[in-house]
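Working notes for the structure below.
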Amino acid sequence: MGKKIYHGGEKIVRSPAFGTGRQYNDFGLGFYCTEYHQYAAEWAVGTGRNGFVSSYSLESDGLRIINLCSSQYNPLHWLGLLFNYREFNFSSDTAYRAREYINKYFSVDHQSCDCIIGYRADNRCFMFAQDFLDAKLSYKSFRSALAGDNSNRQFVLKSNRAFDNIIFTGYEPALGEVYFPVRRSRELRSMKSIKSSSGRSDFFITDLIEEEVRPYDARLR
């Protein structure tokens, strides 16, 4: 089945190549895309900077795709995968214990997968993740920050087989003056909403550690 995916960046990418990119991206080496044209355009631009949205068709039948945004997983699985590639601050005792707990119970075997669908650890989500690890943000607020909408969901090609199945179908320019204010406005709304979302029923990473909550616990859904 042909799946439409989009890559937002400063350049047009006609021929994505396996094994290129930055090793310390969210999920390591890979080609980072999204299933949403709007968000690819937003990722492509910056303050006073335009970009391009490159479009592709991916034959996804037969590919092993790990979807960290599905009900099979939760934000702790996403964090466990990020620990392999992104640099967090584990200087506090709470964050150190959180890493040990998450690695023990929420590791994801991703080495043989072809693609990964997961949240994009932009500056906003990365800040929320660090606050969660330091027990400054509740689990429910953290989950809401990640899964509130589709704007930070990325589709990443990881294997040679996945790259063999992708076809470039065209590109469009993305104007910074159009897309950057939209992205920035949504990020500010999200940050304001998360800061005021805590309640009595919330629990923190310290609670999960003390109770050794496992992946199948209904409270994590």
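Read the figures in this text as sums done on the coordinates, not as results from a lab. Everything quoted here is computed from the prediction, not taken from an experiment. Cβ: placed from backbone, ideal geometry, glycine included. Neighbour counts: every protein chain shown.
Look at the stretch 40-71 and say how many of its residues are in contact with a strand residue (DSSP E or B) (Cβ under 9 Å, 6 or more places away or on another chain) and either of a type outside the set (D, E, K, R) or free of Cβ contacts under 8 Å to residues at least 40 places away in the same chain (or both).
Total meeting the criteria: 22.
Collect the residues in the stretch 108-132 that are among the polar types (S, T, N, Q) and closer than 21 Å to Ser91 by Cα, keeping them in residue-number order. Walk me through how you get there before you give the answer.
Here is the first cut: in the stretch 108-132, the residues among the polar types (S, T, N, Q) are 111-112, 123, 130.
Hits for the stretch 108-132 are Asn123, Gln130.
Scan the stretch 76-93 for residues that are small (Gly, Ala, Ser) and touching a residue at least 40 places away in the same chain (Cβ under 8 Å) and jot them down. Outline the logic, then answer.
First, pick out the residues of the stretch 76-93 that are small (Gly, Ala, Ser): 80, 91-92.
Scanning the stretch 76-93 gives a single hit, Ser92.
Could you run through the stretch 41-69 and say how many residues are outside any strand (DSSP E or B) and over 16 Å from Cys113 (Cα atoms)? Spell out how you get there, then give the answer.
So in the stretch 41-69, the residues outside any strand (DSSP E or B) come out as 41-45, 47-48, 50, 60-64, 68-69.
Next, from what is left, pick out any that are over 16 Å from Cys113 (Cα atoms): 41-45, 47-48, 50.
Qualifying residue count, the stretch 41-69: 8.
If a residue must be farther than 16 Å from Leu68 by Cβ and surrounded by fewer than 21 Cβ atoms within 10 Å (Cβ to Cβ), how many such residues does the stretch 120-138 contain?
Within the stretch 120-138, residues that are farther than 16 Å from Leu68 by Cβ and surrounded by fewer than 21 Cβ atoms within 10 Å (Cβ to Cβ) number 8.
Based on this model, can you work out whether Tyr96 counts as without any contact (Cβ under 8 Å) to a residue 40 or more places away in the chain and either part of a loop (DSSP other than H, G, I, E, B) or farther than 26 Å from Phe168 by Cβ (or both)?
On the way: without any contact (Cβ under 8 Å) to a residue 40 or more places away in the chain: yes; either part of a loop (DSSP other than H, G, I, E, B) or farther than 26 Å from Phe168 by Cβ (or both): yes.
Criteria met by Tyr96.
I'm told Pro16 meets every condition in (1) within 15 Å of the chain's Cα centre (by Cα); (2) buried (at least 17 other Cβ atoms within 10 Å of the Cβ); (3) not acidic (Asp, Glu) except one. Can you identify the failing condition by its number?
If we test Pro16 against (1) within 15 Å of the chain's Cα centre (by Cα); (2) buried (at least 17 other Cβ atoms within 10 Å of the Cβ); (3) not acidic (Asp, Glu), just (1) comes out false.
Check Tyr24, Tyr32 and return the single one that is of a type outside the set (Gly, Ala, Ser), surrounded by fewer than 16 Cβ atoms within 10 Å (Cβ to Cβ), touching a Lys or Arg at 6+ places or on another chain (Cβ under 9 Å) and not in a helix (DSSP H, G or I).
Just a single option satisfies the conditions, and that option is Tyr24.
Run down Tyr73, Tyr85 and say which single residue is hydroxyl-bearing (Ser, Thr, Tyr), buried (at least 17 other Cβ atoms within 10 Å of the Cβ), under 20 Å from the mean Cα position of the chain (by Cα) and assigned to a loop (DSSP other than H, G, I, E, B).
Values: Tyr85 fails: buried (at least 17 other Cβ atoms within 10 Å of the Cβ).
Criteria check complete, one pass: Tyr73.
Given Phe168, Phe126, which one is within 30 Å of Phe31 (Cβ to Cβ) and either in a loop (DSSP other than H, G, I, E, B) or over 17 Å from the mean Cα position of the chain (by Cα) (or both)?
Working: Phe126 fails: either in a loop (DSSP other than H, G, I, E, B) or over 17 Å from the mean Cα position of the chain (by Cα) (or both).
After applying the criteria, what remains is Phe168.
If I go through the stretch 129-165 residue by residue, how many of them are among the aliphatic types (A, V, I, L, M), outside any helix (DSSP H, G or I) and within 28 Å of Ala17 (Cα to Cα)? Steps first, answer last, please.
Initial filter on the stretch 129-165 (among the aliphatic types (A, V, I, L, M)): 129, 133, 135, 137, 145-147, 156-157, 162.
Okay, now just the ones that are also outside any helix (DSSP H, G or I), so 135, 137, 156-157.
After this cut, where a residue has to be within 28 Å of Ala17 (Cα to Cα) as well, the list is 156-157.
So the count comes out to 2.
Out of all the residues in the stretch 14-34, is one or more closer than 18 Å to Asn123 by Cα and touching a Ser or Thr at 6+ places or on another chain (Cβ under 7 Å)?
Looking for residues that are closer than 18 Å to Asn123 by Cα and touching a Ser or Thr at 6+ places or on another chain (Cβ under 7 Å), one finds none in the stretch 14-34, hence no.
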